[in-house]
Each structure stands twice: as C-alpha cells, then as structure tokens.
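Below is one structure, written out as structure tokens; the observations come after it.
Please treat every number below as a calculation from the coordinates, not as lab data. Source: prediction; values computed, not measured. Virtual Cβ from ideal backbone geometry, glycine too; neighbours counted across all protein chains shown.
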C-alpha cells in the first residue's frame, strides 16, 4: 500500500503537466470516431508520455529548489548515533521533497537510506528503484552519509595509525569574488586570499604540496558542479595515509528561517532570483560534510572555512516573499533587497561568518578531522586593504603562519598563533571581536601541513620534524 501511495505521488507530478493533452486524447479516441485506430492511439499515448517527462510544469520546477532544502535538512539530521526520532523526522522531510519534486533522484536515494535505517525494507527498495530510474548522482558516486570513511582505530592499532608517515598530500582551494548573477555583490579579496593559500601550499620551502595535487578554483571555475567534481576527485584519490586540506572563501547563506550559521555556500553560478533557486543552485554545506565524514579516507583532513552571509537573504520570508515567487528586479523587489543587504555588509568592511554548529559536528566523526573557521558562529569576519594589499584577517595571518618554522608547525600550534593575531588585529582596528575557532575529532594524529610527503620529489635539503624545536619566532 505504501508503495502504491508513493507511486501515486510520483505520477501526480507527471500527469499535471499533460492534462490538456489527455483531454485532447480522449476527444481523439472517443467511441465511434472515424479517427480511431490503434496506430494513432499508440502514437498519441507516446506523445502524451513524452510531454509529461520532458515538460514538467513551471510549478514543479519552481518547487524543486525548496525540495532540495528539505533533502538538505534531512541530511543535517545525520549524526553519530543518530536517534530513531531524528531518522523519522528526516524521512518526513524527504517525503515532502518527493512530493514537491518527484523527479529528484537524489531525494529518492536518501529516502531509501533513511527507510533502510528504520527497518522499512519494502519502502527502502521502492525508493531505491525510483532513484535508479530517475538517475541519482549521489547513488552513482556511491555516497553513504551514515558511513565513516576514516573510523577510529582499535586501541591496539592506534599508536601505529596515529604515528604513520604522510604518504601523499592533496588540496582543494576555492575562492569566489565575482559571480555570474549581478545580484550577488563582489567580494574584493577572496581571489587574493585563495591564490595566496594555494601558492603557500605549493611552495617547496613551506607547504611542500606537489603542484599537481593542489586544485585552485576561482570565480567562473568555482561552479557548484565544479566544486563537487573536485571533492569527488579527492575522495577517489586520497588514501588513508594521506593528508587533505580544503580551503573555501565565498559568500554563504543560512536557511531563510534561521538567524545564524551558514547552510549553503554561494558558488559562481548560484541563482539568487528566488529562495527556491538559491537552494537549488548553491552548494549545500552537507555536501562538504559528507565528503569529509563519509568519503575522505585520509586519516588527516584539515578544513579551513572563511564563509560569510548577509542577514538580508535569511530574512526574505519575514519580508513577505513567497518561496516560488519571482523576485522583482526593481528597487522594491526582493533581489534588490538581497543585493542591498550584501552591499551594505561589504561597505562596512565585514562579513558575518561561520558554518552552523550542526555542520561542524557532522564533519568531526572519524579519525583526524580538524576544522578551523574564520570566526565564531555569532561573530563577524573582517577584511582590510592594508593587509598585504587586500586580504581577510583570517587568511592573511593563515598564509603568514603557514610559513613559520619552515612550515613545520603542527596545525594546533598554527591555530593558536592565528587566533591571537586575528583577535589582536580586530582590536587594533577598533572592531568587535573576531576569534577563529578550532574543532576536531576525538582522535587526531599530529598534523603538520608542511610535512614532506613520502611521494615528493622536491629539490634541496628539507628540515625534518625531528630537527625542529617548534619555537615560534618573536
């Protein structure tokens, strides 16, 4: 019975798009009509079916972005030891997603996983068949958000695992300052920030990443699809004894009914014309969460986030704008409201930042996960032209500190200096507090970003960890 109801839900969206064609078909095939013949009937039925698949209603198209947010909210329920209550809540969210956008293969795939976790085998099998039929990118990539890609080692094996040398190093660096949509304001220093981080990582004197292991995506390269592809590449390439570093600098957006915390990363091709389009075209933070938690097999992963959001986006629904309604481009329209709010933030020289606590917690399970954010969840992150020609506070001092002690400071010591420097800079500039935050897994091997990987073929004689006292120069 449940499967029949789900089938009806799926077919409802398809049938609504071809009501007129169905009425025409009934006229064409009415009893006694001289036009009636089987060949024409078969052709007409095929035509109606193709129309229903190829031309979903504008209503259905408008709701798929909102449906994706229901899917994202369900994925945010996935935590270590997730409760039955959270699984049931997540399942209801996914059912809403299926109703609003029945053609979303990913929503059906995640629904199958939640149904399976709850022991609903027939419903899980049905949802999986729908995911395969409709085509699910997440299914194709083999994503299991409930899995831990780098589980903590057994106590007897822990010393060996935690002391293992770094075999190879991989990095993804993303910085987006200019966007395809004219309604997303320019971020002036993210390109310099990202380029500086990538250069420091590849520097043979400091970061010591092989140059072909560092992927830099800026502006038009940093589309939602492009970032996902880069995360997938690292997930496929990095092995347990490797080190992975991810750096992201861009706008972020909270969910519209939440005050703080970034739920979406704004990519180059994000469409902010409606809230639904914003959800449907941005990169959910849960995509990054799942990559770090469930797909990166590396036992050493460092995430560096300099994301920001404007309250103007998060308040759209309170301003009275419908989910699927087009946002007017005039001075009184919602797109203008988004743009004006973000421009106002930029003009004041700061940006409100930090992912939500739930997103941070979702990245921590497993071994060796370290997340450093540019500020606390309720703080602002600042930038200044006076820092190296134009940088964010966080990234400017990150680049400087990556070069201390020949790049061989452990990441925890790097964070300690970075936190103090950013806080002092905000104080010198007369701005409210900005304090970078560090979060990590319960078990973390010593992580040194500048360590020499075993596969490296770098020139010169490089200092080793054993030869350093890790003293910070004053």
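Please work out how much length the chain gains when fully extended from residue 82 to residue 446, using 0.36 nm per residue of separation minus the C-alpha to C-alpha distance, in nm with one decimal. Numbers along the way, then the final one.
Details: separation 364, 0.36 × 364 = 131.04 nm, distance 2.89 nm.
Gain on extension, residue 82 to residue 446, equals 128.2 nm.
Would region 121-245 count as rounded, prolate or oblate if I go by the C-alpha gyration tensor, calling it rounded below 1.5 in a/c and otherwise prolate when a/b exceeds b/c, oblate otherwise?
Numbers: a/c = 2.86, a/b = 1.10, b/c = 2.60.
It comes out oblate by the Cα gyration axes.
Backbone N atoms of region 113-128 closer than 19 Å to the 7 Å Cα→Cβ label point of residue 92 belong to residues 113-120. The stretch between residue 212 and residue 137 holds 24.3 nm of extra length on full extension. This uses 0.36 nm per residue minus the Cα-Cα distance.
With only alpha-carbon atoms in the gyration tensor, what are the semi-axes of the equivalent ellipsoid for region 194-274, in Å, largest first?
Numbers: eigenvalues 154, 40, 35 Å².
Sorted largest first and rounded, they come to 28, 14, 13 Å.
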